[in-house]
């Protein structure tokens, strides 16, 4: 019989299989279905390995990878909250904190504390690693939308000003990647794949 530590680890591993069933709003580049949160976590972890040289500050890449692999595990309980869903975002922190306590609490104490601390570090965004991890987490949906002709943006009526406001924080982790993303966003508007920002109140009426 396996000892209790191994049993706890296996139970956790089986529990997080449920992340494969949590669907996101982004679509696979092949366009046949939405991606799931497990796929997203894998993809951004690979991004960290490849793009660490573009971080504003030197980062511990292995720590960034760990953060990106575990930060969405809370969605097993809390589900995925669409980044432009302001109503859903109101209770997001509470739902995810509760989920983090349950899920990481399934592990042996030392491992549970380590993963919970990494999750909290990502959420607080106060370290170079957390800021860079968050930058990659925001960049990936931009890449998905740009390379699926703005599919998710168009499906949900998202405009350029909202995309810029949501993703400007990429610059806190990587100014270079934000410049790249900003150019992609502008290109999507020019290509008709992202609705332009509405005119500001009191500004000139849009030209027809």
(request) Spot the failing condition for residue 192; the list is (1) more than 21 Å from residue 37 (Cα to Cα); (2) surrounded by 14 or more Cβ atoms within 10 Å (Cβ to Cβ); (3) at pLDDT 95 or above, and only one is missed. (result) (2)
(request) Having 2 or more residues that are closer than 23 Å to residue 194 by Cα and touching a residue at least 24 places away in the same chain (Cβ under 8 Å) is the bar; report the helices (runs of 4 or more DSSP H) wholly within the stretch 78-160 that clear it. (result) 128-146, 151-155
(request) Taking only the stretch 98-112 into account, find how many residues are surrounded by fewer than 18 Cβ atoms within 10 Å (Cβ to Cβ) and either within 16 Å of residue 69 (Cα to Cα) or touching a strand residue (DSSP E or B) at 6+ places or on another chain (Cβ under 7 Å) (or both). (result) 1
(message) Could you check the stretch 1-45 and list, in sequence order, the residues that are buried (at least 18 other Cβ atoms within 10 Å of the Cβ) and out of contact with any helix residue (DSSP H, G or I) (no Cβ under 8 Å at 6 or more places or on another chain)?
(response) 8
(message) Residues that are part of a helix (DSSP H, G or I) and either over 30 Å from residue 63 (Cα atoms) or touching a residue at least 24 places away in the same chain (Cβ under 8 Å) (or both): does the stretch 189-196 have at least one?
(response) yes
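The values are calculated or read from the model by the stated rules, or taken from the named source; none is laboratory data. In this text the structure is predicted, and so the values were computed from the model without any measurement. Quick reminder, even Gly has a Cβ in these numbers, built from the backbone with ideal geometry, and neighbours come from all protein chains shown.
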